[in-house]
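Taken together, the values in this text are just the output of simple stated rules run on the coordinates, not laboratory data. On a predicted model such as this, the values are computed, not experimentally measured, just so you know. Because the Cβ atoms are built from the backbone with ideal geometry, glycine has one as well, and the counts that use them run over all protein chains shown.
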């Protein structure tokens, strides 16, 4: 199940990871529970088999540039994993599936087997990971093992372990398939990996490389993990620059719009898909079901498995009868034809490249806790699978839509109704001061969230991309996760290192503009931004599935017209058919109350208002199989 969770999350963000179609648990006739995982069917050849075949055919070994092109997709996928807090720890040629001709100019590969993947905690704990020692050796393949896998005296495993393995694989490919670690037994391979005077770099094997390239491999294959590149992205970027000095800067991870890399930090929690617990996996609902392209492979860890093909399941034996209907996941699918006038959008698997998959499920929406009437009553909601933007839409994103004719310019003045608590003079002074915080047209804010746009402008932006605003339920489900956490990032109360919200910097800004003191403070600290911050600036607050800034920065428009909740269970709720005020979620940089950290917190604003502390992100239905 853990492997399925990891693969489901990563495969929803990178096509270079084998696609996990479904994971869950099912009951056998004898009552035992069996974990299962449905993977895409791959028509390819493992890299180790490719290398053996090329040696038999006496094909010339690849030079370093060819090796970089061969393994670049795998490197990007591993860097995405590393930025998500996941290390593979068993990266080897047998786990790299080559799709098509391995000697073609463009080669597509898939990474397999995250079965012993390690999920890291917050980035500030990585140093502790490097210093940890233990008394046992974890499962791995010794032919591509790092020193810390043979002996914990070198420290804990982590992304640096994958860097070591990648460097070994590259040397092996440059040698025409000859292993970089020499030996037959576990002991011999361990000595080869851990010998200080025998670092398996290209020049050790008399391969011709530049001094710069050799130095990069020496660092990647350093004996001590603390001396290596700390992630695949750092290693690959250095190599790419050394081998292709005139080329564009190498970009790592999943393709997104114009959002910045959230940094080297590892997110606050494991990112993974939810796990269904069913006595028999559900059949497709009357809605359109997930259509698998090609075929799918069902993997059951207890040994019970069968294949599902385009034409239906292979008939099970009597002992496998409880597996009937396996892998059927109810999802809403997006049309493969974009709406008229929609901009071209890159897709990475079932979701647009800027989004991650949120597997459907049932959760308790709202809260019965005292302190905030708008989130009552708590009620059961079921959702189909959908996709949601990792980041809030940025100023640069929105400007591109304006240039393409799909959006009207963002407002440069704040407009919203006067609260009853303010005099008209106080209201006008607020509007004038807050208008300074509108981001469009301001220098240095391209990577900040777009604000000062009304709900209709937000809807138009998403529609221009063939997408939509998320419903309130979709927003809350993504913020909550399905593992019982208290806040989007986990159970620890957030502070100024988790979010851009109302701290001491906001109180100081109000005082400098001769405006009233805030009613409260989210935290007694300075988060560094009186207005908005660049999106993804606070990776500690990453949600279960990798979404950023779900609390703070800007409130976010949803597609729902605001109304009080019903008490009865709901399925894919969309709110009232009409109204004046739209529901908003997430709190903003001016957030003054700690209860806004709760994923259930909600408020509302006129759909025509343009507010300094309201922005948005888009959602999408899952892409239909082609």
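Shown is the FRET efficiency for residue 185 and residue 379, computed with R0 = 56 Å from the Cβ-Cβ distance and rounded to the nearest 0.05: 0.35.
Put in line by how crowded their Cβ is, counting other Cβ atoms within 10 Å and starting with the fewest, 616, 204 read 204, 616. The simple Förster model, with R0 at 30 Å and r as the Cβ-Cβ distance, assigns residue 57 and residue 33 a FRET efficiency of 0.05.
Relative contact order of segment 333-623: 28 percent, from C-alpha pairs under 8 Å at least 6 residues apart in sequence.
Within segment 362-384, name every residue whose backbone N is under 20 Å away from a label modeled 7 Å from Cα of residue 486 along the Cβ vector. Flagged as within label range: 364-373, 375-376, 378.
Placing R0 at 30 angstrom, the Cβ-Cβ distance between residue 429 and residue 408 gives a FRET efficiency of 0.65 after rounding to 0.05.
Here the residues 45, 543, 504, ranked from fewest to most Cβ neighbours within 10 Å of their Cβ, fall in the order 504, 45, 543. Quick check: from the Cα gyration tensor, does segment 460-504 come out rounded (a/c under 1.5), prolate or oblate? Here segment 460-504 falls in the oblate category.
Using alpha carbon centroids, what distance separates segment 183-251 and segment 557-573, in Å? What the calculation gives is 54 Å, centre to centre. Using 0.36 nm per residue and subtracting the Cα-Cα separation, the extra length available between residue 420 and residue 508 on full extension is 29.2 nm. Ordered by the count of other Cβ atoms within 10 Å of each Cβ, fewest first, 194, 618, 462 give 194, 462, 618. The distance between label points at residue 436 and residue 203 comes to 5.7 nm (points 7 Å beyond Cα on the Cα→Cβ vector). Normalised by the number of residues in segment 42-243, the average gap of Cα pairs under 8 Å and 6 or more apart makes the relative contact order 23 percent.
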